[in-house]
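Have a look at the structure below, then the notes.
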Amino acid sequence: MIKVRNLVKYYGPTKVLDGISLDVEKGERIVLCGPSGSGKSTLVRCINGLEQRSAGDIEIAGHVLKADCSNVLDLGGDVGMVFQQFNLFPHMNVLDNLTLAMRRVRRAPRSEAEAQAMAMLERMQLGARAKAYPRELSGGQQQRVAIARALCMKPKVMLFDEPTSALDPEMVQEVLDVMTALSREGLTMIVVTHEMGFARNVADRIVFMDGGVILEEAAPDAFFDHPQHNRTREFLRQIGPRTH
Amino acid sequence: MSPDIFIKATPIVLQGLQLTLIITICSFVLGQILALPLGLARQANSPLLRWPAATYTFLIRGSPLLVQLFIIYYGLGQIPAVRNSILWPILREPLYCGIIAIALNSAAYMAEVVAGALKRVPKGQTEACISLGISRRHRFTDVLLPQVYRELLPNIGNEIILVLKSSSLASAITIMEITGVARAFTARTFAPFEVFITAGILYLAIGFAFTFLFRLLERRYGITGTRTPAPEASA
């Protein structure tokens, strides 16, 4: 589903990704973690073409992404993205946020798009908020709307870039619950997160990055119970209390 | 000061009202229409678009509107090519020249404002569009521009007041709008104080009406406090 080969990315003179290779199978759930500045967000942003890369090859959901990202729109919603800052469209109500891409990209008629969007909102228990504007929602609700918006495109892959980092603590769980439910439906997911409890419960594989390289890849139990690298152990010690 | 002259001046000054409104509204609308492509060009990636737009706004904003009025009305007529062109019936008329000059002026100012507002739309909006596969065109028509214009409603309301005040300069090229008729009346009565105060009050009243209209629009369409903060730099 995703094939990354020798991905290198510079920001000016700084090398933020230093030869990343990663394969993700259909239906696999990957949690990407690592200290801040390790390049995990940059990696997911390169994978869906939001950032141009300096070198390497990326194939995702059947699309070969060009190095200059000029064909990024060909992905056409096949790769859903959930951002730390939600990035909902503030001038549209929830329903219009969900239907815009369905109507413009998938060319669905409005009535059909709205029916689908309403079904999706019901699933997220947000049916009552369809006519609300993003500013009228809590952070957790906004992020659930953002997830619903991406899901409406029936993506083959969902990428989550620190989806709970901008949320008040009491809202983190409702978003994680939605993501856990999604993971049970066989959706291919890559999640950048510091929520180690979620990682242990949901991930098929945990990818640990540091300094722009992948240091360690392992199943959750192996990763948490027998980390191979010193850097991994140090990282786990620092965020330790959050694994339970 | 004599109340008589106020009473006499009022109907006279009102004669200019129609032309003032025509100039203001036409220049404003034309200016807004021109401002959008100019503003888009102003912040485009291609220097071929950016530089001509930058030059235009520099020239227009850097020189007085009165001078521009004179150049367009008196100056262009000197060029035989202009006199022989299909545009001559338009450029021959002081009213059209006034509208064009004020519109070009307003467009230059608005273009900068539009470009600035486009730059301020959080990058995440564009990224959300890209990740959903929304094309460049729809990104602008459905996501970026609606946000830009909602945010700019107060600026646009301000701009129409500025255009209204600029319209008084049209009297310098023989147009008998409010200021024009006021000047002509003063020349006959030698009572500039009363006449121009009447004119001033009329401008204030029109300005107030526009302000009120835009307040309504803002209340209906404005978005305040909806901007998500810029994402913190994260790896």
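A short reminder: the numbers here are calculations on the coordinates, not readings from a lab. As the structure is a computational prediction, the values presented were derived from the model and not from experiment. So basically every Cβ, Gly included, is an ideal-geometry build from the backbone, and we count neighbours across all protein chains shown.
Quick look at the numbers
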{"read-out": "Inter-chain shielding of A:80-86 (mean C-beta neighbours from other protein chains, 10 Å cut-off)", "value": "5"}
{"read-out": "More than 27 angstrom apart: percent of Cα pairs within chain A", "value": "36 percent"}
{"read-out": "Dipole of chain A, positive direction: furthest Cα of A:Gly12, A:Leu236, A:Pro169, with charges on the beta-carbon", "value": "A:Gly12"}
{"read-out": "Test item: A:149-159 mean partner chain Cβ contacts at 10 Å", "value": "1"}
{"read-out": "On Cα atoms only, tilt of A:110-123 relative to the major axis of chain A in degrees", "value": "60 degrees"}
{"read-out": "Links that overshoot a 22 Å alpha carbon limit, given the list A:Lys3/A:Lys156; A:Lys131/A:Lys156; A:Lys3/A:Lys26", "value": "A:Lys131/A:Lys156"}
{"read-out": "For the range B:6-31 versus the range A:43-70, the gap between their alpha-carbon centres in whole angstrom", "value": "59 Å"}
{"read-out": "Calculated P(r) of the protein assembly as shown - Cα pairs past 31 Å, %", "value": "56 percent"}
{"read-out": "Extreme residue, positive dipole direction of the range A:86-224, given options A:Phe160, A:Gln142, A:Ala108 (C-beta unit charges)", "value": "A:Ala108"}
{"read-out": "Signed unit charges on C-beta, dipole axis of the protein assembly as shown, positive-most listed residue B:Leu216, B:Gln32, A:Asn48", "value": "B:Gln32"}
{"read-out": "Ordering of B:132-143, B:83-94, A:203-214 by packing [mean C-beta count within 10 Å, highest first]", "value": "A:203-214, B:132-143, B:83-94"}
{"read-out": "Degrees, to the nearest 10: B:17-42 long Cα axis against longest axis of chain B", "value": "30 degrees"}
{"read-out": "Mean-position separation - Cα centroids, the range A:154-174 and the range A:182-198, in angstrom", "value": "9 Å"}
{"read-out": "Longest DSSP-loop-exposure-free segment, GluC sites (Glu not before Pro), chain A, at most 16 other Cβ within 10 Å", "value": "A:26-184"}
{"read-out": "For the range B:49-120 versus the range B:176-221, the gap between their alpha-carbon centres in whole angstrom", "value": "24 Å"}
{"read-out": "Convex hull volume per residue for chain B, taking Cα atoms only, in Å³", "value": "168 Å³"}
{"read-out": "Dipole magnitude of chain B, debye to nearest 20 (Cβ charges: Lys/Arg +1, Asp/Glu -1, about Cα centre)", "value": "420 debye"}
{"read-out": "Value of [θ]222 nm, deg cm²/dmol, for the protein assembly as shown, DSSP H segments ≥ 4, -39500 (n - 2.57) each, nearest 500", "value": "-17000 deg cm²/dmol"}
{"read-out": "Local net charge near A:Val64, Cβ-Cβ under 10 Å (Lys/Arg +1, Asp/Glu -1)", "value": "-1"}
